[in-house]
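*Asks:* Before I ask anything, let me first share the structure, which is written out below as structure tokens.
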């Protein structure tokens, strides 16, 4: 099943995959092609495409488990949203604190 996080994994770690693996995942996740469409394009069976996608996603998840870049990105994005909400509610000191923590995290 396709998910937003799978797309992020491909964006962050796709260049660590082989060109063919990255292309297959890109067609599946970003171009929204079916297994049959990808199979026809690559000249392999639907099962072969399914297995390739499963292997590729496992590799991407393994990279995320070791590096945690997507998790960190999502946490930082949430902190920015929190700061914006605080600013919208005129809680400037609280927003400054959130942004200060975020700045410190980014520098690490």
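*Asks:* In region 26-36, how many residues are buried (at least 17 other Cβ atoms within 10 Å of the Cβ) and more than 22 Å from residue 9 (Cβ to Cβ)?
*Replies:* Residues meeting the conditions: 0.
*Asks:* Further question: So, of the residues in region 17-71 that are under 16 Å from residue 2 (Cβ atoms) and assigned to a loop (DSSP other than H, G, I, E, B), which turns out to be nearest to the chain's Cα centre (by Cα)?
*Replies:* Ranking the qualifying residues of region 17-71, first place goes to 30.
*Asks:* Is it true that some residue in region 37-44 is surrounded by fewer than 13 Cβ atoms within 10 Å (Cβ to Cβ) and on the phi < 0 side of the Ramachandran plot?
*Replies:* Within region 37-44, not a single residue is surrounded by fewer than 13 Cβ atoms within 10 Å (Cβ to Cβ) and on the phi < 0 side of the Ramachandran plot.
No lab work stands behind these numbers, since they all come straight from the coordinates. None of the values given here were measured: they were computed from a predicted structure. Reconstructed Cβ throughout: ideal geometry from the backbone, glycine too, with neighbour counts over all protein chains shown.
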